[in-house]
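J.: Dumping the structure here so I can ask a few things about it.
The values are calculated or read from the model by the stated rules, or taken from the named source; none is laboratory data. Just so it is clear, the model here is predicted, and its values are computed rather than measured. In this analysis, Cβ positions are derived from the backbone assuming ideal geometry, glycine residues included, and neighbour counts consider all displayed protein chains. Surface accessibility is based on the protein's heavy atoms, side chains included, excluding ligands, DNA and RNA. Shrake-Rupley method; radii C 1.70, N 1.55, O 1.52, S 1.80 Å.
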Amino acid sequence: YRGSPITLIYRDDATMPEIGEQVALELIDTEGVDMIIGALSSPVTLRIAPICDEKGVVLLSPASSAPEISDAGDYIFRNYPSDILEGTSMARFAKDEGFERVVVFTLDNAFGAGLSEVFTKEYESKFRSVVKQFTIPETQGDGFDEMVAEAKELDPDGVYIITYDQGLHGLLRAIDAADWNVVTMGTS
């Protein structure tokens with residue numbers, strides 16, 4: 001900072017809020033940090049935000065998307081779009097494309113629930129609907145053949161996939177294997 005050396009200290013929160021709280025307290029109280037870059041997940045960020053705000057430590061999350069983070073405190077920042085921005089943008093894209101029926105594949109976590117809720121609220125009307133939402137565990141990276149077959153039978157105009165890279169790869173492979181030519185939308 002202004003010519004001073006910066007020391008980086010790494011800690012792993014294991015994407016678990018209780019571990020994130022322990023790590024944040026250790027970094028602040030023991031290591032004396034002025035800034036924390038993290039967490040990657042919204043639940044951890046929301047858990048440590050009040051601690052950082054109370055202690056005057058800047059928290060910059062590079063990947064948390066929960067809308068509540070925008071109001072989590074004066075010392076809390078992110079450089080990743082909120083679920084509101086991303087979900088709304090994807091819903092507008094689907095509407096602009098003229099999709100009347102969409103299937104959603106979503107992670108069974110706060111990220112998936114948040115994006116799916118925003119997308120559905122913005123997209124649905126008396127002329128458009130999410131015909132089915134498939135919920136998938138965070139750890140599932142393959143074995144999507146049955147879900148994809150069921151989704152294909154629903155004959156949607158588009159598919160919105162809300163998952164991380166492992167699930168995305170598995171779903172795209174299953175869509176390809178099912179010889180399903182459908183517009184596929186994904187998250188950032």
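J.: Check which residues have an amide H placed less than 5 Å from Ile36's amide H, if you skip close sequence neighbours.
T.: Under 5 Å from the amide H of Ile36: Val58, Leu59, Leu60.
J.: Please give the per residue accessible area of the range 1-52, computed with a probe of 1.4 Å over protein heavy atoms only, in Å². Present the calculation step by step, with values, prior to reporting the outcome.
T.: Numbers: 3440 Å² over 52 residues.
Accessible area per residue, the range 1-52: 66 Å².
J.: Hey, another quick one. Could you check which residue among Thr135, Thr30, Thr120 shows the biggest mean-square fluctuation in a GNM of the chain with a 10 Å Cα cutoff?
T.: Answer for the Gaussian network model of the chain: Thr30.
J.: Mind telling me which of Phe105, Phe93, Phe127 comes out most flexible in a GNM of the chain, alpha-carbon contacts under 10 Å?
T.: Result for the chain, Cα springs under 10 Å: Phe127 fluctuates most.
J.: Ok, one more. Which value, in debye to the nearest 20, gives the size of the charge dipole of the range 32-188 about its Cα centre, when Lys and Arg are +1 and Asp and Glu are -1 at the Cβ?
T.: Details: 12 positive and 26 negative charges, 53 e Å.
In debye, rounded to 20, the range 32-188 gives about 260.
J.: By per-residue mean of other Cβ atoms within 10 Å, what is the highest-first order of 63-71, 5-13? Numbers along the way, then the final one.
T.: Values: 63-71: 17.7, 5-13: 10.2.
My ranking of the peptides, most packed first, is 63-71, 5-13.
J.: Over the chain, with a Gaussian network built from C-alpha contacts below 10 Å, which listed residue (Val118, Val23, Val44) shows the highest mean-square fluctuation?
T.: Val23
J.: Follow-up. Among Ala49, Ile84, Leu27, pick out the residue whose Cα is farthest towards the positive end of the charge dipole of the range 1-131, where Lys and Arg carry +1 and Asp and Glu carry -1 on C-beta, about the Cα centre.
T.: In the range 1-131, that residue is Ile84.
J.: Quick one: with all protein chains in place, what share of the accessible area of the range 1-135 is carbon or sulfur, to the nearest percent (1.4 Å probe)? Walk me through the intermediate numbers first.
T.: Numbers: 3980 of 7680 Å².
Accessible surface attributable to carbon and sulfur in the range 1-135 totals 52 percent.
J.: Just the accessible area for Met16, please: 1.4 Å probe, Å², rounded to the nearest 10?
T.: 80 Å²
J.: Which of rounded, prolate or oblate describes the range 50-173 when judged by the alpha-carbon gyration tensor and an a/c cut-off of 1.5? List each step's numbers first, then the result.
T.: Details: a/c = 3.13, a/b = 1.71, b/c = 1.83.
Oblate, because a/c is 1.5 or more while a/b does not exceed b/c.
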